[in-house]
Amino acid sequence: MRLCDTDIEEWLNKKKLVITPLPKKELINGITVDIHLGNKFRVFYEHNASCIDLSSSHERIAVDLNKIMSYETIFSKQKPFFLKPGSLALFLTLESIKLPNNLVGWLDGRSSLARLGLMIHLTSHRIDPGWDGNIVLEIFNAGKLTLVLTPGIKIAVLSFELLSKSVLRPYNSRNESKYKSQNGVIPSRIYEE
């Protein structure tokens with residue numbers, strides 16, 4: 001069962017679901033909550049690596065991910081980010097989300113931005129029960145024109161689905177969870193399995 005706007009407001013008021021900063025009522029519509037682009041990003045450097053080996057074998061690492069990706073960088077309304085066509089960048093949401101163990105979150109892009117070619121998540125749109133932290137967005141420009149991004153724009157929406165009962169292994173309690181309490185633009189941790 002998806003939570004409707006009145007359910008979302010009730011869960012927020014009772015602090016069963018926590019979104020910081022607390023969204024204004026006009027940002028909660030139907031079954032979604034609008035979320036905003038934060039002010040931090042990471043991009044891929046120009047490099048001469050021929051590939052990134054996705055196998056789990058540490059012996060076959062083709063490239064050190066820290067050498068091909070920038071450090072976390074801050075941008076502003078005065079110094080916006082220009083996302084060129086065919087480019088991928090990682091961004092942080094303004095909002096931090098804390099989900100209880102019986103609720104799963106779903107991240108979706110905004111139709112008005114998608115119609116310009118902006119994709120805000122490539123495949124990772126589920127937010128697991130027990131999640132606590134900011135969300136890293138994998139933003140890709142599939143359009144033909146450069147898109148200018150500034151902190152604070154409405155970038156995506158969240159919806160929430162109630163589970164039949166609480167999960168036994170919520171995200172932040174699992175030892176193998178790679179992005180626990182995420183509050184920065186964390187790059188892929190594929191080799192930390």
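Key figures for this structure:
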read-out	value
Top-ranked residue in the range 71-80 [being touching a residue at least 60 places away in the same chain (Cβ under 8 Å) and in contact with a strand residue (DSSP E or B) (Cβ under 7 Å, 6 or more places away or on another chain); ranked as surrounded by the most Cβ atoms within 10 Å (Cβ to Cβ)]	Phe75
Residue in the range 45-55 that is part of a strand (DSSP E or B), at pLDDT 65 or above and not charged (D, E, K, R) present	no
Strands (runs of 3 or more DSSP E) within the range 102-193 that include 3 or more residues among the β-branched types (Val, Ile, Thr) and at pLDDT 90 or above	132-141
Candidate set from the range 1-41 (those that are aliphatic (A, V, I, L, M) and more than 30 Å from Lys79 (Cα to Cα)); member that is surrounded by the fewest Cβ atoms within 10 Å (Cβ to Cβ)	Met1
Candidates Leu83, Leu90, Leu137, Leu113, filtered to the one that is touching a residue at least 40 places away in the same chain (Cβ under 8 Å), crowded, with 19+ Cβ neighbours inside 10 Å, in contact with a Pro (Cβ under 9 Å, 6 or more places away or on another chain) and on the phi < 0 side of the Ramachandran plot	Leu90
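The values are calculated or read from the model by the stated rules, or taken from the named source; none is laboratory data. In this text, all values refer to a predicted model and were calculated from it rather than measured experimentally. Backbone-built Cβ (ideal geometry, glycine too); neighbour counts: all protein chains shown.
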